[in-house]
Amino acid sequence: MKKLSETLRDCHILKKEIILINDGSTDRTSELIKKLSERHPSVRAIQLMENRGKANALQVGLFASRSEYLVCVESDALLSDTAPYYLINHFFKCGERLRAVTGNPAICNRNNLLSRMQLDEYASIIGAIKRTQRLLGKVMTVSGVVVAFRKKALVDVGLWDRDMITEDIAVSWKLQKKFWDVRYEPRAICWMLVPETLSGIWKQPVRWAQGGQEVIIRHWRVLFTWKQRRIWLIYLEQWISIIWAFCWLFVTLLLLFTAETFQQMLIWFTITSFALVFISLIQLFVALLIDSRYNPVLKYYFWAAWYPAIYWMVNTAVVMAAVPRAISSRLKGGYAVWHSPDRGMKKKTS
């Protein structure tokens, strides 16, 4: 049996164009992509003088593209050799109803505790969520770092929303509300850099949480449309996550102020924490075991022990911090612009 890549070569799918977009960068990006476009005939460079957000840059790239299928990759990510084949193969295998395929982001930098905890998160929790959501027939979001689209599907839903801080979540909902199919391909690995500082760890999840909240605010009408019933569980899951964060804070404060003795407070915290951590570690192990078929990550299970203790508390604060930002963003409107966190590169480039 031929390999997937050989089969696609026979189908002449390797006719490609590479579009590099400089979205108002202040470093040497403009110079570098210009040199690449002059050196390689298949590479085209687009220079945007002002940063108006990723969604705006993607729209410019779509207008400039000549192909029916778009594989979108962020500038700080490295696509594996076989990823495009796995992504594009879905469009031929699943038919016209399929409009987007999200790949599998994998952590490239694994230098400290923070980056290794995120490795566990990406390889297990994010992958497990997408697999579970696919059983429902819907996914909360494609991965903005690596995703393939059918161009006419994007045109059909009005392209990316330039006023949403997370364009990947927003476009996923627009596609699925029109009953187009979105798939997850774990073999399409894309290596990415993650923040290695506490400030970076804070900024990135806050933006994701804000983006998710902006989406559920904008699309609240799905709960009152019977035709959209398959997405109800995904929608309610987001609200439950927000409510859970506030309940966690409320219960914690309640225990602190109502416990008659320190020992009583400690017992309550120990029992509840043990139950949550035990369930979390089982989930992480199973998910890492599944993902290790494509990416050797099971050896990092040791670092998962820190995940519930640190990341859950941070995530609770992240959700609560994102709520006022999401509301303010929906009231204000305009281009959604954000700045990338450290991505673990400061030490290497200084």
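The values are calculated or read from the model by the stated rules, or taken from the named source; none is laboratory data. Just so it is clear, the structure is predicted and the values come from calculations on it, not from any experiment. Please note: Cβ atoms are built from the backbone with ideal geometry, for glycine as well, and neighbour counts cover all protein chains shown. Surface areas here come from the heavy atoms of the whole protein model, side chains and all, with no ligands, DNA or RNA. Shrake-Rupley method; radii C 1.70, N 1.55, O 1.52, S 1.80 Å.
So what's the angle, to the nearest 10 degrees on a 0 to 90 scale, between helix 83-94 and the longest Cα principal axis of the chain? That helix lies at roughly 80 degrees to the long axis.
Residue 186: net charge of surrounding residues, Cβ under 14 Å, Lys/Arg +1, Asp/Glu -1, itself excluded? Residues near residue 186 contribute +4 overall. Restricting attention to the chain, close to 45% of DSSP beta bridges with both partner residues there are antiparallel. With helices as the sole contributors, the chain gives -16500 deg cm²/dmol at 222 nm; each DSSP H run of n ≥ 4 counts as -39500 (n - 2.57), and the sum is divided by every residue.
When +1 charges are put on Lys and Arg Cβ atoms and -1 charges on Asp and Glu Cβ atoms, the dipole computed for the chain relative to its Cα centre reaches about 980 debye. Over every Cα atom in the range 204-302, the radius of gyration and the widest Cα-Cα span, Dmax, amount to 18.8, 53 Å.
Each peptide among 277-286, 258-267 gets the average number of other Cβ atoms lying within 10 Å of its residues, and from highest to lowest they stand as 277-286, 258-267.
A simple spin-label model places pseudo-atoms 7 Å from Cα toward Cβ; at residue 250 and residue 264 they are separated by 2.2 nm.
Put a plus charge on the Cβ of each Lys and Arg, a minus charge on the Cβ of each Asp and Glu, and nothing anywhere else: the dipole of the range 35-121 about its Cα centre is then about 160 debye. Solvent-accessible surface of the range 75-176, averaged per residue with a 1.4 angstrom probe and all protein chains in place: 31 square angstrom. Length gained on full extension, residue 47 to residue 93, computed as 0.36 nm times the residue gap minus the Cα-Cα distance: 13.0 nm. The Cα-based radius of gyration of the range 217-264, divided by its Kirkwood radius, gives an Rg/Rh of 1.31.
On the chain, 64 percent of the accessible area sits on carbon and sulfur atoms, based on a 1.4 Å probe. Stokes-Einstein, applied to the Kirkwood radius of the chain over Cα pairs at a viscosity of 0.890 mPa s and 25 °C, places its translational diffusion at 113 µm² s⁻¹. Computed over the range 143-274, the range of Cα coordinates on each principal axis works out to 64, 41, 29 Å, biggest value leading. If you take the alpha carbon atoms of the range 11-159 and fit the smallest convex hull around them, that volume is 147 Å³ per residue. For a modelled paramagnetic label at residue 321, 7 Å from Cα along Cα-to-Cβ, the residues of the range 181-221 in reach, with backbone nitrogen under 12 Å, are 198-210. Please work out the FRET efficiency for the pair residue 276 and residue 35, using the Cβ-Cβ distance as r and a Förster radius of 56 Å; give the result to the nearest 0.05. Once the sixth-power term is evaluated, E becomes 0.60. Scoring 172-179, 290-297 by mean Cβ neighbours within 10 Å over their residues and listing the highest first yields 172-179, 290-297.
Peptides 69-75, 53-59 ordered by packing proxy, namely the average of other Cβ atoms within 10 Å per residue, highest first: 53-59, 69-75.
Between helix 167-177 and the chain there is an angle of about 80 degrees, using the helix long axis and the longest principal axis of the Cα atoms.
Across the options 122, 318, 268, the greatest Cα extent toward the positive end of the charge dipole of the chain (unit charges at beta carbon of Lys, Arg, Asp, Glu) belongs to 122.
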